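The values are calculated or read from the model by the stated rules, or taken from the named source; none is laboratory data. Bear in mind the structure is a predicted one, so any value in this text is a computation, not a measurement. Note: ideal-geometry Cβ built from the backbone for every residue, glycine included; neighbour counts use all protein chains shown. For accessibility, only protein heavy atoms count, side chains too; no ligands or nucleic acids. Shrake-Rupley method; radii C 1.70, N 1.55, O 1.52, S 1.80 Å.
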Amino acid sequence: GDGATTVVLLHGLLGSHRNLATLSRRWSCEDPALRIVLPDLLGHGEAAPLPPGADLDVVASAVFDLVQGIVGAQPVWLVGHSLGGRVALAMAAREPRRVSRLSLLDIAPGPVSTRQMELVAVVDALLRAPGWARDRAAMRDTLEGTFGLDTQVVDWLLMNLVRRHDHHMWKIDRQAIAEFSKRVGDADLWSAVEEPHRPFGVDCIYGGRSDF
């Protein structure tokens, strides 16, 4: 879109901007006042790798630099799903005057210990999976058969495979992602929304089966 309000839509862990592309297109058609930006977070998609020891502040800083390059000092509406919501919270805590609105999709500001346990199992399977496979079907068989991951989780993980010559391999640094996920799950980000004079409104949106 090319509207006056800029929305920065941030994806979740082990995802990319493609996860939210359909939503962004539909939303832009419904509301022509919006311009929606879909970055890949550091370490994901086509973005730069996660630097050693990266935490939420490092990733939020990269998002802030991107936003500044696109809109200058204009405040933006941050919308984040899962990890993207936690990155949005970190940016809002750091630069509250640069945020006009904050929307969290299926994520909470506090530590996510219960959900983190589920995520640890998925990341562990990802780490133990082979580094390459002859095709996507072979990697799917491994993730589902050997590690017992369900189809939807496997579909999500397979978005991180890329074809190289006669085989498929991971395009992400799996070890860096695993270490990063442990850091972000423990972070307490309530300060971003509890500030009584914060200049932005906060929306929390979650699915009917969500435990947040």
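What the table shows:
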item	result
Qualifying residues in the range 48-61 (those that are of a type in the set (A, V, I, L, M, F, W, C) and open to solvent by 20 Å² or more (accessible area, probe 1.4 Å)) - the one nearest to Val87 (Cα to Cα)	Val58
Those residues of the range 62-71 which are open to solvent by less than 30 Å² (accessible area, probe 1.4 Å) and either over 18 Å from Gly1 (Cα atoms) or under 15 Å from the mean Cα position of the chain (by Cα) (or both), in sequence order	Val63, Phe64
Positions within the range 105-150 being polar (S, T, N, Q) and more than 20 Å from the chain's Cα centre (by Cα), in sequence order	Thr142, Thr146
From the options Glu194, Glu144, residue that is without any contact (Cβ under 8 Å) to a residue 24 or more places away in the chain, over 30 Å from Gly53 (Cα atoms), open to solvent by 50 Å² or more (accessible area, probe 1.4 Å) and among the acidic types (Asp, Glu)	Glu144
Members of the range 72-99 found to be buried (at least 23 other Cβ atoms within 10 Å of the Cβ) and either free of Cβ contacts under 8 Å to residues at least 24 places away in the same chain or within 18 Å of Ala4 (Cβ to Cβ) (or both), listed by number	Val76, Leu78, Val79, Val99
Lone qualifier among Leu157, Leu127, Leu119 - being on the phi < 0 side of the Ramachandran plot, touching a Lys or Arg at 6+ places or on another chain (Cβ under 6 Å) and in contact (Cβ under 8 Å) with a residue 40 or more places away in the chain	Leu127
Members of the range 25-42 that are open to solvent by less than 10 Å² (accessible area, probe 1.4 Å) and either closer than 20 Å to Leu119 by Cβ or at pLDDT below 95 (or both)	Leu41
Filtered residue count, the range 145-182, keeping only those that are part of a loop (DSSP other than H, G, I, E, B) and of a type in the set (S, T, N, Q)	1
